[in-house]
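The values are calculated or read from the model by the stated rules, or taken from the named source; none is laboratory data. Remember, it's a predicted structure, so these values are computed and weren't measured experimentally. Using ideal geometry, Cβ is built from the backbone for each residue, glycine included, and neighbour counts are taken over all protein chains shown.
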């Protein structure tokens with residue numbers, strides 16, 4: 001804790017000196033002329049201006065002398081019977097250089113955008129790094145998005161080269177990928193080259209003059225490719241976030257600041273060090289995969305585990321077996337996965353003490369207290385620090401979290417801000433809440449190196465989305481509470497903070513109470529207009545077993561149990577007005593719940609539902625609507 005407080009004091013007293021010292025740990029082709037220039041009105045943020053570097057020299061080249069034969073990447077395939085693939089730092093460097101030479105041969109130049117639509121295979125990590133090697137801007141699209149979603153991202157980025165595969169494996173299924181690409185490219189005439197990885201053996205159509213097999217294109221190319229030096233503020237990647245309304249936003253991160261912050265947060269939050277084996281279960285199609293599957297671990301000199309499958313295939317032992325086989329020391333996953341593993345029951349608890357684990361982490365959404373306790377006890381064995389991390393695509397890396405072994409952890413609380421991060425809580429009028437215990441809109445009053453620089457092709461959208469509501473501050477869109485010890489608890493998106501009879505109730509807090517109900521796997525809370533209270537509370541719950549039919553005694557008993565759990569956990573004011581048992585919740589592919597759809601269903605709407613292209617299971621929407629209708633009519 002003393003080390004943490006000392007770092008915070010240094011960062012606040014002289015932030016430029018603090019971050020310059022962090023940046024000095026890396027290889028720079030040309031030193032920076034100014035550490036920081038910024039203002040939040042336009043906005044304009046520049047870190048390490050005038051400096052030049054290449055991030056892959058820091059991920060790969062600088063490790064070769066001492067760690068060249070150490071394993072950089074372990075690929076765990078979907079089928080546990082298939083042998084894992086391991087690449088040392090030297091081997092990964094060679095593969096990245098070969099791929100970079102291919103991109104150069106295809107006419108890709110610094111600043112050009114390259115779209116990647118691949119499953120979780122080593123070639124995806126290699127392709128990402130190959131783009132960075134030559135100064136191209138990578139735009140990874142989750143390999144599960146629809147053709148329409150893929151096409152929209154390709155067009156927005158004006159990508160001319162696309163890298164994809166014939167198919168992908170997901171649990172017991174083999175799914176085609178290339179046909180989705182073909183459909184998308186029918187509306188993307190700007191794409192001139194498609195490189196196709198032969199992965200599953202699915203039959204594909206290769207468009208003459210445009211499509212090439214990746215293995216043919218790589219054959220005979222040199223494994224020596226000098227890294228292209230780029231300015232610190234050169235775009236490194238575009239990553240699209242869907243948001244609740246409007247077209248996806250292309251969040252832009254730049255090279256120097258993102259690099260410094262990715263390594264800094266990985267080291268501080270996880271206590272990571274060279275030789276650690278880090279398994280982050282996120283897909284590289286999301287920011288968590290960018291920062292904590294690829295860049296953070298490789299910048300640190302750790303081993304990163306790339307997992308193709310799903311944590312419960314072929315059964316819920318899979319996660320724990322992977323940890324034991326690869327001696328994973330740092331494990332980072334999402335509350336959704338934790339609850340899924342929890343629901344599998346005691347028969348699928350780890351078969352060993354998971355002796356290699358040193359730190360466990362949670363990411364993606366606030367973790368409810370029941371899941372936190374289960375994770376801490378049954379996976380962390382009460383010996384591993386549990387870091388419950390809060391951050392966003394736009395922040396580039398973790399902003400608020402306990403730091404393993406350094407700062408306190410508290411169930412359902414993200415924790416303290418990292419050194420150099422200066423959060424504030426403001427009320428609806430933008431007034432900063434100065435008291436130690438406070439709640440309000442979570443904002444940041446000072447930039448950090450990993451902050452987004454713009455939204456691709458539409459800088460004003462960046463301004464209006466993040467910087468216009470509270471002038472002089474970056475607005476996260478989240479609500480939070482700060483306790484007397486300074487620990488932050490994220491209470492959900494500001495739009496998801498319910499004002500019930502004058503009481504502010506966060507959806508995360510309500511869901512935490514609902515999830516304590518025996519037999520409930522997961523829940524989502526939304527608010528609907530209420531004539532007396534202003535906002536009524538509606539709970540959608542996913543039971544462990546079969547969903548009881550509407551109007552039955554079993555459905556009534558479940559509803560009553562949920563109401564009692566909330567009353568006991570928070571108070572009578574939080575008692576849900578309606579409880580609907582459903583098979584599943586409308587989640588995006590990154591695991592976020594589309595609450596606007598639940599609100600519409602709760603209000604009795606039949607649609608339109610808006611953009612549902614990012615939904616993992618679109619069919620669940622109609623099922624929920626019919627369930628609400630059946631309960632109301634019944």
Residue check for residue 367: crowded, with 22+ Cβ neighbours inside 10 Å, more than 20 Å from residue 509 (Cβ to Cβ) and in contact with a strand residue (DSSP E or B) (Cβ under 8 Å, 6 or more places away or on another chain) = no
ask   = Which condition does residue 576 not pass, out of (1) part of a helix (DSSP H, G or I); (2) over 30 Å from residue 285 (Cα atoms); (3) at pLDDT 90 or above, if it passes all the others?
value = (1)
task = Determine which single condition residue 194 fails, assuming it passes every other condition in (1) closer than 28 Å to residue 611 by Cα; (2) in contact with a strand residue (DSSP E or B) (Cβ under 6 Å, 6 or more places away or on another chain); (3) touching a residue at least 40 places away in the same chain (Cβ under 8 Å).
result = (3)
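Yes/no per residue for (1) out of contact with any strand residue (DSSP E or B) (no Cβ under 7 Å at 6 or more places or on another chain); (2) buried (at least 18 other Cβ atoms within 10 Å of the Cβ); (3) modelled with pLDDT of 90 or more:
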position: 542; (1), (2), (3): no, yes, yes
position: 553; (1), (2), (3): yes, no, yes
position: 558; (1), (2), (3): no, yes, yes
position: 572; (1), (2), (3): yes, no, no
ask   = residue 10 fails exactly one of the following numbered conditions: (1) over 28 Å from the mean Cα position of the chain (by Cα); (2) within 24 Å of residue 295 (Cα to Cα). What is the number of that condition?
value = (2)
Residues being out of contact with any strand residue (DSSP E or B) (no Cβ under 7 Å at 6 or more places or on another chain) and in a helix (DSSP H, G or I) - total across the stretch 339-356 = 6
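Condition first: part of a loop (DSSP other than H, G, I, E, B) and in contact with a strand residue (DSSP E or B) (Cβ under 7 Å, 6 or more places away or on another chain). Now tell me which residues in the stretch 424-435 satisfy that. Steps first, answer last, please.
Pass one, the stretch 424-435, residues part of a loop (DSSP other than H, G, I, E, B): 427-431, 433-435.
Across the stretch 424-435, the qualifying residues are 427, 433.
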ask   = Considering 136, 100, 127, which residue is farther than 19 Å from residue 291 by Cα and either under 23 Å from the mean Cα position of the chain (by Cα) or touching a residue at least 24 places away in the same chain (Cβ under 8 Å) (or both)?
value = 100
message = Scan the stretch 590-604 and tell me whether some residue there is surrounded by fewer than 21 Cβ atoms within 10 Å (Cβ to Cβ), in contact with a helix residue (DSSP H, G or I) (Cβ under 8 Å, 6 or more places away or on another chain), more than 20 Å from residue 514 (Cβ to Cβ) and modelled with pLDDT of 85 or more.
response = yes
inquiry  = Given the condition under 24 Å from residue 241 (Cβ atoms), at pLDDT below 90 and surrounded by fewer than 18 Cβ atoms within 10 Å (Cβ to Cβ), answer yes or no: does some residue in the stretch 620-631 qualify?
reply    = no
key: residue 227, sole failed condition from (1) at pLDDT 95 or above; (2) assigned to a strand (DSSP E or B)   = (2)
message = Could you check the stretch 443-486 and list, in sequence order, the residues that are in a helix (DSSP H, G or I) and crowded, with 21+ Cβ neighbours inside 10 Å?
response = 462, 466
note = Filtering the stretch 133-145 for residues that are within 21 Å of residue 308 (Cβ to Cβ) and outside any strand (DSSP E or B) leaves a count of 5
Candidate set: the stretch 146-177, residues that are part of a loop (DSSP other than H, G, I, E, B) and at negative phi; chosen: the one surrounded by the fewest Cβ atoms within 10 Å (Cβ to Cβ) = 172
message = I need the helices (runs of 4 or more DSSP H) fully contained in the stretch 31-114, keeping only those with at least 2 residues that are surrounded by 18 or more Cβ atoms within 10 Å (Cβ to Cβ).
response = 55-59, 89-105
request  = Using the structure shown, decide if residue 331 is assigned to a helix (DSSP H, G or I), on the phi < 0 side of the Ramachandran plot and in contact with a helix residue (DSSP H, G or I) (Cβ under 9 Å, 6 or more places away or on another chain).
outcome  = no
Residue pairs meeting the criteria (Cβ under 6 Å; at least 6 apart or on separate chains; first under 15 Å from residue 266 (Cβ atoms), in the stretch 389-400; second in a loop (DSSP other than H, G, I, E, B) and modelled with pLDDT under 95) = 389/363
request  = Considering (1) assigned to a helix (DSSP H, G or I); (2) touching a residue at least 24 places away in the same chain (Cβ under 8 Å), say which one residue 584 fails and leave the rest.
outcome  = (1)
inquiry  = Checking residue 203 against (1) assigned to a loop (DSSP other than H, G, I, E, B); (2) surrounded by fewer than 17 Cβ atoms within 10 Å (Cβ to Cβ); (3) at pLDDT 95 or above: exactly one of these is not met. Which one?
reply    = (3)
